[in-house]
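The values are calculated or read from the model by the stated rules, or taken from the named source; none is laboratory data. Every value quoted in this text rests on a predicted model; they were computed, and no experiment measured them. Because the Cβ atoms are built from the backbone with ideal geometry, glycine has one as well, and the counts that use them run over all protein chains shown. Keep in mind that these areas ignore ligands, DNA and RNA; they rest on the heavy atoms of the full protein, side chains included. Shrake-Rupley method; radii C 1.70, N 1.55, O 1.52, S 1.80 Å.
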Amino acid sequence: MPVLRSHLLAVSLSLLLNAAAAAEPAPVRFLLTFDDGPAAAASGNPTVHILETLAHNPLQDNIKAVFFTQTRAWHGGGTDVGRALIKREYDEGHVVALHSATTFHSNHRLMSRQALDESMQNGVDDLVSVTGAAPKLVRPPFWAYDAGTLESYHQHGMQMLLTDLSANDGKIYGVNFSWHKRSNMLTHLAETRKRWAAGAMPVSDGVTPVVVTFHDVNTYTSRHIQEYMEILLDVAHELDVPLAAKPFYDDHDELERAALAASVSDPNTKPRLPGLWNWLWN
Ligand SMILES: [Zn+2]
């Protein structure tokens, strides 16, 4: 009997050790997202440069990203150049999602429910007419939403994706030149690391997606997008965050599954927003 008992003890110990090993959260993969685009410029188009960099760069080729498009932006998605770029994003295997279907960067939370519903339907119709596929993801302008906003998104077949890291590169307040982009990413990833280490982040296909937000209409971002990606790898290394063998997504379906897994559907969830936006939103 003592032999059996010690055997059982050994088995339980090894189970415990396995459980401890399994408790290490899944490695991180950066899920790149771009808001506000596409840009409408006929030449030197920042969206085009970002697409080219994602396709070919020294870090990882054929990176796929989520583009939260503004389908009716007067200087972007609402133009022929813009629509062609949305089509190109889709054809190149990126996930095309919705940001706004209004002429301007309108706040969804301040719209009447009827106006929001119409706008969401317009956005879905716009994207279906350009790509043939309905968007599954939406990101609210200004990160502003409430229970009604979420309900409208869900009724139009979309889930809301917020962000873990932000380059704070939005154009809206003229933050077009980031002197401190590395320290900014470091701060955001350090915060994210705490939730990752606590096992509080969703895992999809064996990796932990960490959502990063840029603005593809921003020419500074566009020119520095490779540097931004290098910074992400660099700060992950500095913070001892283990990265997946492929640190960026390169498969459309895997990317979309990960984005859906990371989406927020409970209006009572307090969003983790980039500092500037948190201040604006509250
Ligand atoms: Zn935006």
*Only one residue in 227, 191 is surrounded by fewer than 22 Cβ atoms within 10 Å (Cβ to Cβ) and within 25 Å of residue 141 (Cα to Cα). Which one?*
191
*Could you tell me whether residue 38 is open to solvent by 20 Å² or more (accessible area, probe 1.4 Å) and either modelled with pLDDT of 95 or more or under 22 Å from residue 211 (Cα atoms) (or both)?*
no
*residue 72 versus (1) in contact with a Leu (Cβ under 9 Å, 6 or more places away or on another chain); (2) open to solvent by 20 Å² or more (accessible area, probe 1.4 Å): which is the lone unmet condition?*
(1)
*Exactly one of (1) under 14 Å from the mean Cα position of the chain (by Cα); (2) within 21 Å of residue 49 (Cα to Cα); (3) open to solvent by less than 20 Å² (accessible area, probe 1.4 Å) is unmet by residue 168. Its number?*
(3)
*Looking at (1) outside any helix (DSSP H, G or I); (2) buried (at least 23 other Cβ atoms within 10 Å of the Cβ); (3) more than 16 Å from the ligand (Cβ to nearest atom), find the lone condition where residue 212 falls short.*
(3)
_Here's a check for you: in the range 171-185, which residue that is surrounded by fewer than 18 Cβ atoms within 10 Å (Cβ to Cβ) and more than 16 Å from the ligand (Cβ to nearest atom) is modelled with the lowest pLDDT?_
177
*If you scan the range 176-227, which residues turn out to be farther than 18 Å from residue 53 by Cβ and among the aromatic types (Phe, Trp, Tyr)?*
177, 179, 196
_Checklist (1) within 16 Å of the ligand (Cβ to nearest atom); (2) open to solvent by less than 30 Å² (accessible area, probe 1.4 Å); (3) part of a loop (DSSP other than H, G, I, E, B) applied to residue 221, failing item_ = (3)
